[in-house]
Each structure stands twice: as structure tokens, then as C-alpha cells.
2 protein chains.
Amino acid sequence: MSENQDKDARHNARMARKKEVVDSHIAAAQIERGVLLVNTGNGKGKSSAGFGLVARALGHGQKVGVVQFIKGRSDTGEEAFYRRQPGVSWHVMGEGFTWETQDRARDVAAAHAAWEQARSFLRDPGTGLVVLDELNIALKYGYLEVESVVADLMARPVDQHVVVTGRAAPPELVAVADTVTDMTVVKHAFAAGIKAMAGMEW
Amino acid sequence: MSENQDKDARHNARMARKKEVVDSHIAAAQIERGVLLVNTGNGKGKSSAGFGLVARALGHGQKVGVVQFIKGRSDTGEEAFYRRQPGVSWHVMGEGFTWETQDRARDVAAAHAAWEQARSFLRDPGTGLVVLDELNIALKYGYLEVESVVADLMARPVDQHVVVTGRAAPPELVAVADTVTDMTVVKHAFAAGIKAMAGMEW
């Protein structure tokens, strides 16, 4: 047997064993229902992973509702693109980042209006995916009560997926979520002096 | 001053200080060029964050090339959706996960064909964003040489963004990347017995 054939044979045997393990895990996961996903942490990818799921859901014919809790700008690529897509209902309901507004009362009022919009999606069985972008920030600053937000999330239609994004997800939300990812910074272009680039950061 | 007014005043002062810090960081980041982003780690969100950037780039009128190195299936929501979009060139070039094929020689050949497709995007100044989905897996198994992959990535047009996804990004790739995120598992629905759901996992 040549060295390459030997390498291939060992690889193939290892992969056959791995397939058994993977298949048994797949067989064990049989519950079918909507997933509550939380993307948190300080790294890049929390919102963009949410916007990737919008494409995924639309490809399966699902309707999608998006509420942006903090962002006030309406010049992002994702908004320009998705507003053109049938099946997407997009709501920019923030007043800008908290250090831009410097006005807590206005931020609280904006967050409450945004939550009302979110609730209308969370009560609609026709909406397959709800993206609550930067909701964690509104919770972190106490603009919304985590208990009532969690109650509304848990009362949603059984097949509905929800994605919540933003740094510092509160423990009460992590506790009830199905999948939670911490986007951990290994390195970031911004720290190396690269500007926030169109198509990458907005 | 009422308790609420006092809380608001303290919040507003804290946010004014935060704005100074944020503004000085923004002023320091002035380099404009394409970003090499790597999404790695064991958690959910590596590929979906890449597919979110596709929407972002399209919203800015950029053309996008996608190459899937491992995935062989063509029934995903993201593919169905993005194949309908002008400006997207989508290539599923894997043969399925390595433990499904159990055929290293075929996997190596598929990876090389996929890299040729990737190179055609990496040489095209008209392509604003290139998504190399699961490339890290092809590198991890040695299907492609990391040195030649890195050389092709670094020789791309200066304004072109690239996203590389997959577990276990090799250190040589992390070293040359601008932004690297480790998607870290906090919890995952699959471990709790929930099936991979349409619109969420595929």
C-alpha cells in the first residue's frame, strides 16, 4: 500500500467511526419546534448572523419580522436589501446608540414602542422568524423589563423562530433560550485602524 | 430632583463620557480597504453571519461570490433565496461532510475544484464580497495547502471583502486576517434534543 493510500484508508476508517457518532446524535434529536436563539458577546457577527437567518427563512418561504431596538440609522446595506424583499417587514425603531442620544427618557420611550412592534410579530403565527436586533442593549440599560420580555417570548407560536442580538444578554434570557452563542473577539479590524466599511460593518 | 430625573441625569452624563471615547476611536480608524473576516469556533453563527454579509453587500450594490467547500446539499434556505438575487454567484462544491463521503481522495479533488472557483472571484475586482463557506474544514483536513490559500487571499483586489467560515481556523489564516470571531457555544438546541429546523439550521 502506498503512503497516500494508507493515509486515505486511515482517514476513511476514522470518518466511518465519526459518522456513527454523528448519526446517533441526529437520531436522538427529534423535537420539532421554533428555536429561541441569542447572539451575544463583544465580537463581530451577532447581527449579521441574524440577518443571515432572514435569508435562510425566506428561502423556505417563511415570513420575517425585524425590529431594530437601538440603531436609528437607515442607511445600512441589510435594510436597503431586505426592504426590497417580499415577505420581510423591517422596523428601525431606535434613536441611535445610547451614547449618541444622551437622553434616557427618549431611549426608554423608543424601546417601549419597539417592543409593541415586536409583540405584534410574536403574536402572529404567520411570521416564521422574528429578529430582535440589539434587544439585549435595551435590556442591559433597563429600558425594558426582562421578565415581561421573556414572558412575551415564551408565549409566541410554537413553530416561530426568534433571534435576539446584542452584547451582554441578561441571564434570565439565556436561561430560557434554546441556543446561545457568545461571539468572542479574537481580533478586530477596527482596533488595527480600519474604518467601518460598507458591506462589512454596515 | 425626582429619583427618575436623577437616574436620567446620571445616565446622560455617563453616555456623554462614553461618546468622547467612542468618537476618539472612530477618529483613529481611517484606513479604507477590504477586510478579511474569519468566523470560527464550535458555536452557531459562522456561516449565517457570512450569509448576513451577503445581504449587507448586496444592499450597497456590491457583487457577491459564494463557494461552499464541504456542503454538498442544495436544499438550504440561503441557497434557494440567494440564487434568485441578481448579483450573487453561488457554488456548492463540496461532496458532503467528510464523515459522509468517507472518501479522502474524492474530498481532496472537490476541494481543489472549489479553490479554483474561489480564485476566479479573488482575481475579479468587480466582486465586492467573497464568502468561502467551510474553507477552514478543507484546510483542517489538509485538502488544501494553507500557504497557497493565504497567498491567493492576500493577492486579492484591495477593496474586496472576504469571509472564511468553519471550525478550527488554522493559525496561519488567523495571523493574516483583519477580524476573527470565535463563535463560542453557551448552549445549543441540538443538545437538548431539538432537530435541525428549516429557517434556523439550514
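The values are calculated or read from the model by the stated rules, or taken from the named source; none is laboratory data. Small disclaimer: the values here were computed from a predicted structure and weren't measured. Heads up, the Cβs are rebuilt from the backbone with ideal geometry, glycines too, and the neighbour counts pull from every protein chain shown.
Among the residues of the stretch A:111-132, are any crowded, with 22+ Cβ neighbours inside 10 Å, within 24 Å of A:Gly199 (Cα to Cα) and either free of Cβ contacts under 8 Å to residues at least 40 places away in the same chain or not hydrophobic (A, V, I, L, M, F, W, C) (or both)?
no
Cβ-Cβ under 7 Å, sequence separation 6+ or interchain: first residue in the stretch A:162-181 and over 18 Å from A:Ser47 (Cβ atoms), partner in a loop (DSSP other than H, G, I, E, B). Which pairs?
A:Asp178/A:Val35
Could you tell me how many of the residues in the stretch B:69-91 are farther than 18 Å from B:Arg123 by Cα, at pLDDT 95 or above and either touching a Gly at 6+ places or on another chain (Cβ under 6 Å) or surrounded by 17 or more Cβ atoms within 10 Å (Cβ to Cβ) (or both)? Even if it seems obvious, please write down each step before you answer.
Kept after step one, since they are farther than 18 Å from B:Arg123 by Cα, are these residues of the stretch B:69-91: B:69-86.
With the extra rule that they be at pLDDT 95 or above, the set shrinks to B:69, B:76-86.
With the extra rule that they be either touching a Gly at 6+ places or on another chain (Cβ under 6 Å) or surrounded by 17 or more Cβ atoms within 10 Å (Cβ to Cβ) (or both), the set shrinks to B:69, B:76-82.
Of the residues in the stretch B:69-91, 8 are farther than 18 Å from B:Arg123 by Cα, at pLDDT 95 or above and either touching a Gly at 6+ places or on another chain (Cβ under 6 Å) or surrounded by 17 or more Cβ atoms within 10 Å (Cβ to Cβ) (or both).
Here is a yes/no grid of residues against (1) part of a loop (DSSP other than H, G, I, E, B); (2) more than 7 Å from chain A (Cβ to nearest Cβ); (3) in contact with a Cys (Cβ under 8 Å, 6 or more places away or on another chain):
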{"position": "B:Val163", "(1), (2), (3)": "no, yes, no"}
{"position": "B:Glu172", "(1), (2), (3)": "no, yes, no"}
{"position": "B:Thr181", "(1), (2), (3)": "no, no, no"}
{"position": "B:Met197", "(1), (2), (3)": "yes, no, no"}
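Residue check: is A:Gly193 buried (at least 23 other Cβ atoms within 10 Å of the Cβ), in contact with a helix residue (DSSP H, G or I) (Cβ under 8 Å, 6 or more places away or on another chain) and not hydroxyl-bearing (Ser, Thr, Tyr)?
no
Quick one: which of B:Val158, B:Val131 is touching a helix residue (DSSP H, G or I) at 6+ places or on another chain (Cβ under 7 Å), modelled with pLDDT of 95 or more and at negative phi?
Values: B:Val158 fails: touching a helix residue (DSSP H, G or I) at 6+ places or on another chain (Cβ under 7 Å).
So the residue among B:Val158, B:Val131 that is touching a helix residue (DSSP H, G or I) at 6+ places or on another chain (Cβ under 7 Å), modelled with pLDDT of 95 or more and at negative phi is B:Val131.
Here are some residues: A:Ala109, A:Ala49, A:Ala55, A:Ala114. Which one is in a helix (DSSP H, G or I) and away from chain B (no Cβ under 13 Å)?
A:Ala114
Mind listing whichever residues of the stretch B:58-91 are at the interface with another protein chain (Cβ under 9 Å from one of its Cβ atoms) and assigned to a loop (DSSP other than H, G, I, E, B)?
The answer is B:His60, B:Gly61, B:Gln62, B:Thr76, B:Arg84, B:Gln85.
Scanning for something in contact (Cβ under 8 Å) with a residue 40 or more places away in the chain, touching a strand residue (DSSP E or B) at 6+ places or on another chain (Cβ under 6 Å) and within 23 Å of A:Val186 (Cα to Cα), does the stretch B:9-31 turn up at least one residue?
Taking the stretch B:9-31 first, the residues in contact (Cβ under 8 Å) with a residue 40 or more places away in the chain are none.
No.
Does A:Gly34 satisfy the condition of being in contact with a Lys or Arg (Cβ under 9 Å, 6 or more places away or on another chain), surrounded by fewer than 23 Cβ atoms within 10 Å (Cβ to Cβ) and closer than 21 Å to A:Arg123 by Cα?
Numbers: in contact with a Lys or Arg (Cβ under 9 Å, 6 or more places away or on another chain): yes; surrounded by fewer than 23 Cβ atoms within 10 Å (Cβ to Cβ): yes; closer than 21 Å to A:Arg123 by Cα: yes.
When the stated conditions are applied, A:Gly34 passes them.
Among (1) at pLDDT below 85; (2) within 7 Å of chain B (Cβ to nearest Cβ); (3) within 30 Å of A:Val164 (Cβ to Cβ), there is one condition A:His25 misses while meeting the rest; what is its number?
(2)
Can you tell me which condition A:Ala198 does not meet? The list is (1) in contact (Cβ under 8 Å) with a residue 60 or more places away in the chain; (2) within 17 Å of the chain's Cα centre (by Cα); (3) farther than 23 Å from B:Val186 by Cα, and all the others hold.
Every listed condition holds for A:Ala198 apart from (2).
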